[in-house]
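A short reminder: the numbers here are calculations on the coordinates, not readings from a lab. The structure displayed is predicted, hence computed values, not measured ones. Neighbour counts run over all protein chains shown; Cβ positions are idealised from the backbone, glycine included.
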Amino acid sequence: MAVAHHEGAAVAPVGPVPTVVRPWPDPYLDPETHEAEGDLMVMNLGPQHPSTHGVFRVKLWLDGEVCIKAVPYPGYLHRGVEKLCEKLSYVQIPPIVDKNDYVSPFINELAVCMAFEALNAVEPPRRSQYLRTLGAEMQRVASHLLWLGTFGMDMGGALGGGASVFMHCFRERETILDCYELWTGSRFHYNTLTVGGNRHDVPAGFAELVKRTYRAIRDRAHEYDAMLVDNAIFRARTVGVGRVDAQLAMELGVSGPILRASGVDWDLRRDQPYAAYGEVQLNVPVRSGGDCLARYEVRMAELLESIRIVLDLVDGIPEGPIAALKPVKLPGAFKGKAGQAYVAVESPRGELGTWVIADGSDKPYRCKIRPPSYHAMSLLPYLAPGSNLSDIIVTLGSLDPILGEVDR
Amino acid sequence: MPVPDDVAAKLEAMGLAPADPVAVDRQGVLALAALLKNELGFTYLSYCAAAHRPASESEPDRTVVEYRVRRLPRDEVAFAVVVPTGESTPSLCALYAGADWQEREQYDLVGTVFAGHPDLRRIMLPEDWEGHPLRRDYAIDTRHHPWR
Amino acid sequence: MIENPWVWGAVSGLVVVNVFMGVAAWSIWFERKFAGRMQNRPGPTQVGPFGLLQPVADLLKLLQKEDITPKNADAVLFNIAPPLGLLTVLGGMAVFPWGPGAWVPADLDVGILFTLSIASLMTIPVWMAGWASNNKYALIGGMRAAAQAVSFEVPLLLSALVPIILGGSFKLGDIVAAQADGAWFALWPPGPGAVAFLLFLLCSLAEANRIPFDIPEAESELVAGITTEYIGMKFGLFYLAEYMHTLIGSFLGAALFLGGWDGPGPDGVHWLVAKGLGLFALIFWIRWSLLRYRADQFMSVCWKILVPVALCTVSAAAVWKVYA
Amino acid sequence: MNALLTAWAALRVTGLNLFRAMNTEPLPWHGGRARPERFRTSFALVHNEDGDEACIGCKMCEKICPSQIITVVPGGRAPSPNTGKPRGTAKDFVLDMNACIHCELCVQVCPEDAILMLRVPETPGYTREDLVLTMDKLYKNEPLEKSWGTGARLVGMQEAGQPKPAPKPAPAAKAAPSEAAPPSPEAGS
C-alpha cells in the first residue's frame, strides 16, 4: 500500500527484481480474500493487554478463534533514544541506553560503550573486560529468569500456577539484583560502564555473595522444570506451537535463543568474541525444533550455562585498573574520531548492535541501536496466521520481546 | 570486520571496492544484495540504517542507507547506498523479508523512501506525525504541534 | 425445630446464605494468604491482624467505584447478569444437608439433581455478561464458558451418578447417611468411588473456572474474560459467585464422596465443614500450581478422557451395587 | 495419567515453597532491609569540614546531567564566614527528581564532594512538586545516611591502578587507530 506523502518521490531505476518462493504465510494477505466460516472478527490485542509484555498492539483478524492475519503496531513506547543519542555526549549515553532493554541494562551499556571504544580503538584493561563479562553473564541469568516467569504467566495466568512460577523466578532474580546493588549501588539501571572501562570496582564480599546466589539458583532450577517443562499441560501448550523456520528467521534478522532454537548454531560470544569471552569456555545450546518448547529448552540451558560461567569467572578476575581513560569529569571528556563503527554483542535476546557515526565532536553524529527484540517481533505476522488466540499469546511470550527495546 | 576473500573477489568483478561499508549506487544495490544472498550465502540481514547528511558544498542533501548482512557464523558485509533527498532507493523486501520493518523504521525516522516496499508506513511514530525526527534539519525545540 | 416449612426455609435459608457469603469473602483472604505463602511472600498483612480485615477493605473499595455501564452494552442484560449469577449459586445451597436429620433448609427428594442443575445455570448469566458487554474479549470468554459448560456438565453428572447409585437415593441426606461409619464412597467400594471423586473434583474445577480449566477467564489471553467491562460491585458479585461456586463444589464433594458429617468421634456439621474447607484448600493448591489448557485441548480432555472414564465408573458402580 | 503425575510434581513444588522462608522485603516502617553501602537514592548537599556550604556553584553537575534536571545559579566568590578565605558559592540549586535516572554522574564530577546521594529508601510524595529538590530540601537531607560514592572516591576507584598520566593524556595516546575508517560511507563512491 503506497502512502500519499511519498508518492511524488522519483523512483530510482530498479534492476530485475528477483522472484522468491515464500514458503511461509503471507503477512500482506488481504483479509477480504479469506473464506471465513462465519464473520471475521478484528481484534486489537493491546495496547493495554496483560500479555503483550509492555505497550504493544497487534491487530488480529480472527476466524472464530483462529487468526488469519496479524499486523503488529509497535511504537507505543518510542522515546526517541536515537535522537537523544545525537543530542547527548558520548559519556552521557550509557545511563540513557540502560532503559532500552530494561531487563538487561548491563548489556545495553556494554553494547554502546564497546561501539564508542571501537571508534577510537580504546582497549579497556583486562580487569574491566573480565568484570564486563561477569556482569553480562549475571545479567543474562536475571533476564532469562524474568522471561521464564512471564512465559509461565502467559500460560498459567496471573491467578494461577503461572503466577507462582513468576514469583519464584522473581525471588531468584531479586537475589541477583542484590549482587548488582552491592557492586554498583543500583539494583537496575546501574550506569556502571563508561567509555573505556568500568565505573565501579567490585567490593569486598562480592565473590562470596555471587557464589552463594548463583549456586542457590542452580540448585533450584529443577523446580522450574517440574513446574513447567515436565508438566503435561505445558507440553501440550508448547510442542509444535509457533514453529520458526530458520531461513525466515535469518532473513528477518532474528537472533539469539530464537535462532538457536531453530537449529542455527550462532552465538556472538563464541563467534566474534568480545570482552573476555575469548578466554571463557562456552557451550552454546542449540535445538532444532523451532517451537516454543525448543526456545524454552535453549533458554533454560543458557541460564544454567551462564550460571556456570559466572561461578567460573567470579574467582578469576585479574588484578589491575578498571578503566583505560580518565574518569569522566566533563561531558566532552570523550570525542569520537570521525568515522563509523558497528559493534554487536550477544544480549539475552540476540544480536544487540550499535551503529555509530562520529564526526569528531563530543556527540555522536548518528547512533542506531539494533535491538534483537525488534527483529523478533517482526516474526509475529508470520507466526500468528493459522494459530489459535491462546497460541499467539504463548508464541509472543516465547519470543521474549522487550518493548522498551523494540520501540526505543 | 574485513570483507571475506570470496566476497572481495566477486565485488571486484562487479567493479566495487571491498570496504566497510561497500559503497554501491542505487542501480546496483539489488544486484549486489541478490549476489550476496543467493550466491554467497549471506542470508542474515543484520540491520538497515540510514543517516541524513545535509547539503554541503560538494554534495546535495541526502541520506546514506547502510545494510549489513551476515553469513553465519562469522562473515559480515555492509553496503551503503546514497539516496538524494526526494528520490528513492529500491527496497530489499523481495530478497530479505526482514527489510520490511527495517526500511519502515528508517522511512519513519530518517525519511528515506524505499521504492517497491509493500507496506511503507510509519512504524514508530503516529501516522499523522509531521517530519522525520532523525533528520539533521528536524528541530526539537518546540514543545507544541507541529513539534518542529 | 420450626415446624412451618415456610418459616423454617426462610430462617435457615437466611442463615445459610449469610454464613456462606461471609465464608466466601474470607476465603478470598485465605486464598491470598495461602497463595502468598506458596510464592514465598506474606500475602495481605496491613488491614487488621494478619490482614484479616482485607475482605472488608476490598468490599469498601468495590462499593466506592463508579458504576459504569458501557455505552454500547445491552444495559438490561449487563446489569442483571451479576446478581443472577450469585442467585444461581446460592440456589444450590437450598437442599444441602448440614447434619443428620432435619439440618437442611429444604429436603428435596431429588436434591442432588437440583443442586447440580441450579449450579450449571451459572452458565447463563456468564454468557449473558459476555454477550451484553459488547466487548470482544468478553464475547470470546462467554462463548468459551458456554462451550465449557455443555461439555463439562456431562462428566460432572456422570461422576455424581456414582454416589447416587451406591447410596441408592437422589436425596443428599440419604447419600450421606449411606456412608456412615467410615464407608465413604471415595474409599469404599475401592475403585469406582475414588475415580468418580477425582472426576468430580476436576469437573468442579472446570465448573468454577479454576486453573487448569479457567479458559473463560484466561487473563493472559482475554484480559479478564467475561468480566472485562465490569467494575465495582458488579465485578465483585461475579467474583464472589465464583468463590461460592468453588465452595459449593467442595462441600458437595465432601458430602457425596467423603461421608459428609460422618467422622471419628461425634458426627456433626464440624466434620462437614472441615472436609469441605479441606477440599477447598486443595482446589486452591491446584489452582496456584498448574498451567492452563487451551480451549480445544480442554474439550478433547473432556470428551476423549473424562467422559469415557466416567461412563466406565458408572458401569462399575452399577455392577458393584447389583452383585456385591 | 501422565498429566496427573506431572501435576503432582508441580503441586509438590508449590507445597514445598509453603514452608520456605519468605523473601519479601519488610515495609519501610517495619524496618526495611539492610542496604549495601553503595546504594543510592535521593540527593543531599553537604557542608565541608570548615562548615561552609561545599557547593561552589561550578555547574559541572548541571553540564553532565543526562536528563538535564539540575539547575545551579552561581553566587560568585565570597569570603567564607568560617575560614575567611574566598570561595565560590551557589545562590540556588534545584534538582528535579521527576526525571532523575540515578546515574550518579553528578556525584562523580563534583570537585568539592558537595552533592552526594543518600542511602535511605526514597519517600514518595503526594505532588510532583514534592519531587523537586530545592536547595533547602537538599541541605535538609544532609544529616541522612549517605551513600558511599563521593566525587573523590568514584574518581579514585576508576583511577586506581592506572598508569600515572604523562604530560599528554596517556590512554588515548596508546590507542593508535590501526585502520582509519572513512569519514562517511559515501567517501568511497
Can you compute the radius of gyration and Dmax for the stretch A:175-326, using only the Cα atoms, both in Å? 18.3, 57
Percent antiparallel among DSSP beta bridges confined to the protein assembly as shown, rounded to 5, stands at 90 percent
Mind listing the long-range amide H neighbours of C:PHE170? Cut-off is under 5 Å, sequence gap 5 or more, other chains count too, H placed in the peptide plane at 1.01 Å from N. none
As computed over chain A, the Cα convex hull volume per residue (Å³): 159 Å³
If each part is reduced to its alpha-carbon centroid, the stretch D:2-45 and the stretch A:264-322 end up apart, in Å, by 27 Å
Around B:LEU16, under 10 Å between beta carbons, what's the net of Lys plus Arg minus Asp minus Glu among the other residues? -1
Can you list the HN-Hα couplings for the stretch A:45-59, worked out from phi with the Karplus curve (6.51, -1.76, 1.60; θ = phi - 60°), rounded to whole Hz and with x for Gly and Pro? 7, x, x, 9, 8, x, 10, 8, 6, x, 9, 8, 10, 10, 8
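Is there a simple number for the mean count of other chain Cβ atoms within 10 Å of the Cβ of residues in D:21-27, and what is it? Present the calculation step by step, with values, prior to reporting the outcome.
Working: counts 1, 8, 10, 9, 2, 2, 2.
Mean partner shielding for this stretch: 5.
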Whole percent per 10 Å bin, from 0 to the bin with the longest distance: what is P(r) over all C-alpha pairs of the stretch C:174-324? 11, 33, 33, 18, 6, 0
Could you pull out every residue, at least 5 positions away or on a different chain, whose amide H is within less than 5 Å of the one on D:PHE93? Hs are placed 1.01 Å off N in the peptide plane, and Pro or chain starts have none. D:VAL73, D:MET135
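Set the Förster distance to 41 Å, then compute FRET efficiency between D:GLU159 and D:VAL94 from the Cβ-Cβ distance, nearest 0.05. Before the final figure, lay out each step's value.
Numbers: r = 31 Å, r/R0 = 0.75.
Efficiency computed from Cβ-Cβ geometry: 0.85.
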Which residue fluctuates the most in chain B, going by a Gaussian network model with Cα springs under 10 Å, if the choices are B:LEU36, B:LEU95, B:LEU72? B:LEU72
Which whole-number percentage describes the relative contact order of chain A, with Cα contacts under 8 Å and a sequence gap of 6 or more? 25 percent
Distance between modelled label sites at A:ASP39 and A:VAL229, nm, 7 Å Cα→Cβ extension: 4.5 nm
Test item: B:66-77 mean partner chain Cβ contacts at 10 Å: 4
Mind checking D:59-72 for the average number of partner chain beta-carbons within 10 Å of each residue's beta-carbon? 3
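Tell me, what is a quarter of the convex hull surface for the C-alpha atoms of chain D, in nm² with one decimal? Intermediate values should be presented prior to the final figure.
Details: hull surface 93.7 nm².
Result: 23.4 nm².
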Please list, in order along the stretch B:90-96, the HN-Hα scalar couplings obtained from phi with the Karplus expression 6.51 cos²θ - 1.76 cosθ + 1.60 (θ = phi - 60°), rounded to whole Hz, x for Gly and Pro. x, 7, 9, 4, 5, 8, 10
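What percent do you get for the relative contact order of chain C when only Cα pairs under 8 Å and 6+ apart count?
Numbers: 489 pairs, mean separation 69.9, N = 324.
Relative contact order here is 22 percent.
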Report, in debye and to the nearest 20, how large the dipole of chain A comes out about its Cα centre when Lys and Arg carry +1 and Asp and Glu carry -1 on their Cβ. 1280 debye
Which value, in nm² and rounded to one decimal, describes the direction-averaged projected area of the C-alpha convex hull of the stretch C:209-298? 7.1 nm²
So what's the gap between the Cα centers of the stretch B:57-111 and the stretch D:110-142, to the nearest angstrom? 47 Å
Relative packing of peptides D:132-141, C:291-300, C:70-79 - highest average C-beta neighbours within 10 Å first: C:291-300, D:132-141, C:70-79
So which residue, out of D:THR24, D:THR83, D:THR41, gets the largest mean-square fluctuation from a GNM of chain D using Cα contacts under 10 Å as springs? D:THR24
Give me the dipole magnitude in Debye, nearest 20, for chain C about the Cα centre, with unit charges on the beta carbon: positive for Lys and Arg, negative for Asp and Glu. 760 debye
In whole angstrom, the spacing between the Cα centers of the stretch C:281-324 and the stretch A:77-104 equals 54 Å
Between the residues A:GLY253, A:GLY263, A:LEU325, the Cα farthest towards the positive end of the dipole of chain A, that dipole coming from +1 and -1 charges on the beta-carbon of Lys, Arg, Asp and Glu, is from A:LEU325
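Computed from the mean reciprocal separation of all distinct C-alpha pairs, what Kirkwood hydrodynamic radius does the stretch A:290-408 have, in Å?
18.0 Å
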Cβ crowding within 10 Å averaged over residues, with A:301-312, C:21-32 ranked highest first: A:301-312, C:21-32
For A:324-331, A:110-117, ranked highest to lowest by mean beta-carbon neighbours within 10 Å, the order is A:110-117, A:324-331
Give the residue from A:PRO371, A:GLY386, A:SER361 lying farthest towards the positive end of the charge dipole for the stretch A:296-408; charges sit on Cβ (+1 for Lys and Arg, -1 for Asp and Glu) and the dipole is referred to the Cα centre. A:SER361
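Relative to the compact globular guide of 2.2 N^0.38 Å, what is the alpha carbon radius of gyration of the stretch C:71-323, as a ratio?
On the way: Rg = 18.2 Å, N = 253, 2.2 N^0.38 = 18.0 Å.
With N residues counted in the stretch C:71-323, Rg over 2.2 N^0.38 Å equals 1.01.
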What residues have an amide H closer than 5 Å to that of A:SER347, excluding those fewer than 5 places away on the same chain, when H is modeled at 1.01 Å from N in the peptide plane? A:LEU352
Gaussian network model of chain A, Cα within-10 Å springs - most flexible of A:PRO94, A:PRO125, A:PRO371: A:PRO125
Note down the relative contact order for the stretch B:5-115 as a percent, whole number, built from C-alpha pairs under 8 angstrom at least six residues apart. 25 percent
At a Cα cut-off below 23 Å, give the lysines reachable from C:LYS275, other chains included and same-chain residues fewer than 8 away excluded. C:LYS33, C:LYS171
Top positive-direction residue, dipole computed over the stretch B:13-111 with Cβ charges, set B:THR85, B:VAL24, B:VAL110: B:VAL24
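Using a simple charge model, +1 on the beta-carbon of Lys and Arg, -1 on the beta-carbon of Asp and Glu, nothing else, what dipole does the protein assembly as shown show about its Cα centre, in debye to the nearest 20?
The calculated dipole for the protein assembly as shown is roughly 1960 debye.
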Alpha-carbon Debye profile of chain B, log10 I(q)/I(0) at 0.17, 0.18, 0.20 Å⁻¹: -0.95, -1.04, -1.21
Quick one: Karplus J couplings for the stretch B:73-80, per residue in order, coefficients 6.51, -1.76, 1.60, θ = phi - 60°, nearest Hz, x for Gly and Pro? x, 10, 7, 9, 9, 10, 9, 10
For the stretch C:119-181, taking Cα atoms only, what is the radius of gyration to one decimal and the Dmax to the nearest whole Å? 17.0, 54
Stokes-Einstein diffusion coefficient of the protein assembly as shown, Kirkwood radius over Cα pairs, 37 °C, 0.692 mPa s, in µm²/s: 102 µm²/s
Just from its helices, what would the mean residue ellipticity at 222 nm be for chain A, if runs of 4 or more DSSP H residues each count -39500 (n - 2.57) and the sum is divided by every residue, rounded to the nearest 500 deg cm²/dmol? -13000 deg cm²/dmol
